[in-house]
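See structure below.
The values are calculated or read from the model by the stated rules, or taken from the named source; none is laboratory data. Since the model is a prediction, treat every value here as computed from it, not as a measurement. Cβ placement follows ideal geometry from the backbone for every residue including glycine, while neighbour counts extend to all protein chains displayed.
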Amino acid sequence: MQKGIRLNDGHVTYLGLLAKKDGTRRGCLSKKSSDNTKWHTKWFALLQNMLFYFESESSSRPSGLYLLEGCVCDRSPSPKPSLSAKECLEKQYYFTVSFNHENQKALELRTEDVKDCDEWVAAISHARNLATEHETLMQKYLHLLQIVETEKTVAKQLRQQIEDGEIEIERLKSEIAAMLKDNEKIQSNPTTAPSDDDSEIKKIKKVQSFLRGWMCRRKWKTIIQDYIRSPHAESMRKRNQVVFSMLEAEAEYVQQLHILVNNFLRPLRMAASSKKPPITHDDVSSIFLNSETIMFLHQIFYQGLKARIASWPTLVLADLFDILLPMLNIYQEFVRNHQYSLQILAHCKQNRDFDKLLKQYEAKPDCEERTLETFLTYPMFQIPRYILTLHELLAHTPHEHVERNSLDYAKSKLEELSRIMHDEVSETENIRKNLAIERMIVEGCEILLDTSQTFVRQGSLIQVPMSEKGKITRGRLGSLSLKKEGERQCFLFSKHLIICTRGSGGKLHLTKNGVVSLIDCTLIEEPEGTDDESKSDKSGQDMEHLDFKIVVEPKDSQSFTIILVASSRQEKSAWTSDISQACLLISDNTE
């Protein structure tokens with residue numbers, strides 16, 4: 001049995017009373033009970049990211065506590081009024097607090113006033129990020145504290161050097177005073193030759209000049225050594241290393257694009273124009289879509305990057321990304337076409353003449369035993385590589401740096417483009433998956449041609465036939481004949497469930513009522529047994545609790561029932577969970 005979590009009850013009570021007294025948001029709300037049948041009025045108080053609730057405003061002890069960190073608070077539509085329990089129609093402003101992890105029921109609340117509802121949603125949404133904002137501020141505070149400590153150390157060293165310099169100046173002043181006295185004595189003595197005085201003074205001045213130069217050089221050497229060992233210099237060294245690595249990676253990428261265009265694209269264009277072309281111009285365009293344009297774009301980008309490196313240490317990179325960003329829609333077309341280009345290439349390889357010609361191109365020394373598919377894949381990773389490089393650059397770029405905002409903007413734009421390309425690739429792959437399944441079905445299936453139909457899961461299940469009276473005997477569930485005859489290949493989509501039998505050659509055949517619309521379905525995860533089932537033999541005991549029932553009630557035809565049996569409890573749980581989720585999403589969208 002799982003033990004409960006222990007809390008400091010006294011401190012929680014103190015925080016609850018503090019929230020009740022000085023909370024950012026307080027008031028009465030209606031809270032939905034755990035069995036989802038009734039609403040109870042509680043007095044809620046919000047303190048930082050903790051939501052306390054009391055039985056009433058006069059209660060001296062909180063009844064419960066919700067931790068809001070990382071939650072999501074949104075307005076929710078008013079549910080349809082229950083026929084069994086008539087609720088007050090005035091309380092029709094609802095909102096939910098979801099905690100974004102499994103086995104945690106969302107907190108459902110409602111108010112009587114729309115303004116009060118919006119203020120509660122805004123207050124909880126603000127409270128959900130308090131810990132994250134506190135961590136960010138602490139990181140900035142520690143960074144500033146480190147800078148202050150470094151400045152203090154440098155200031156202390158400079159003060160020590162100034163003190164040493166003042167001591168040295170006093171010593172030199174005393175030496176000069178002594179020399180002046182000696183000079184006066186020499187001048188008062190007429191026996192000393194004036195030429196000797198001049199030569200001695202010149203020597204003294206020369207020694208003083210050497211000493212001043214040595215002290216100045218020692219001071220600057222100390223300052224430079226201190227800066228070299230400082231965190232700022234270390235950060236700049238790492239930043240320069242990232243830039244130099246970026247230059248090397250860009251040079252390698254431009255070389256890969258050069259090989260793709262010169263060793264494959266242009267020779268295949270010439271081959272397509274021959275008398276007996278092994279490939280058509282349309283196939284060449286489909287395989288190498290935008291490849292040449294991408295090469296020209298990155299050649300310009302690489303030359304600009306080399307020019308920036310040549311002007312080091314005055315290194316400005318942000319304007320280069322400003323030039324690159326407007327041209328990234330070319331990458332979108334390439335990524336969207338990538339999977340299709342590989343399929344066209346695989347189809348063309350079935351032609352012996354083309355396959356032989358392609359192997360000759362791949363055998364060139366520049367290719368280094370890499371295939372055409374490898375070169376076509378390189379541009380797919382370039383945008384993520386730029387994002388990682390910008391992350392490293394920003395990690396070693398001070399907050400007050402002149403390029404900080406521009407690099408941050410370029411990173412955000414690249415991340416946004418990466419997400420868009422990922423979604424487009426996922427949508428394209430889903431359409432191709434649906435079309436592949438539709439081609440496997442001999443009778444065809446028009447509902448799979450709907451682009452909004454999203455594939456969820458597939459697998460083998462056993463369909464139990466219904467008796468004449470519409471009943472099923474659990475004793476048959478374990479029979480081997482039923483497993484062979486009733487085996488079905490099932491495909492679950494966002495709107496439909498497809499049930500097929502497997503034929504020869506990997507083809508599929510739709511069963512009777514094999515296209516089930518989920519909007520007309522009711523899922524029963526644990527079908528109830530009958531008295532006759534309890535008297536059945538023990539052959540079905542191994543299959544108990546593995547079956548689930550789908551009751552279909554179409555609007556334009558007679559209702560029917562489908563009973564499916566999974567091979568394990570884990571598989572049954574996965575199927576029932578996905579079917580329930582799909583039905584719930586459909587019902588939410590229809591509302």
Practice task
Consider T397 carefully, then state whether it is in the same structural domain as I323 (by TED's automatic domain parsing), over 20 Å from N337 (Cα atoms) and either of a type in the set (S, T, N, Q) or assigned to a helix (DSSP H, G or I) (or both).
Solution key: yes
Handout entry: Members of region 50-62 found to be touching a helix residue (DSSP H, G or I) at 6+ places or on another chain (Cβ under 9 Å), within 19 Å of W120 (Cβ to Cβ) and not in a strand (DSSP E or B), listed by number
Key = E57, P62
Exercise for the section: Using the structure shown, decide if L508 is assigned by TED's automatic domain parsing to the domain that holds F455, aliphatic (A, V, I, L, M) and modelled with pLDDT of 85 or more. Expected result: yes
Exercise for the section: For region 200-208, state whether one or more residues are aliphatic (A, V, I, L, M), surrounded by 10 or more Cβ atoms within 10 Å (Cβ to Cβ), assigned by TED's automatic domain parsing to the domain that holds L407 and without any contact (Cβ under 8 Å) to a residue 24 or more places away in the chain. Expected result: no
Exercise for the section: Scan (1) touching a residue at least 24 places away in the same chain (Cβ under 8 Å); (2) over 30 Å from D282 (Cβ atoms); (3) not acidic (D, E) for the single condition A307 breaks and write down its number. Expected result: (1)
Exercise for the section: Look at Q139 and say whether it is more than 30 Å from K219 (Cβ to Cβ), without any contact (Cβ under 8 Å) to a residue 12 or more places away in the chain and assigned by TED's automatic domain parsing to the domain that holds D35. Expected result: no
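State yes or no: is P379 crowded, with 17+ Cβ neighbours inside 10 Å and part of a helix (DSSP H, G or I)?
yes
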Fill in the blank from the handout: Being touching a strand residue (DSSP E or B) at 6+ places or on another chain (Cβ under 9 Å), at pLDDT 75 or above and buried (at least 17 other Cβ atoms within 10 Å of the Cβ) narrows L407, L417, L461 down to just L461
Practice task
Please specify each residue of region 336-373 satisfying the condition of being over 19 Å from S286 (Cα atoms) and polar (S, T, N, Q).
Solution key: Q360
Practice task
Would you check if there is a residue in region 421-442 being outside any helix (DSSP H, G or I) and at pLDDT 85 or above?
Solution key: yes
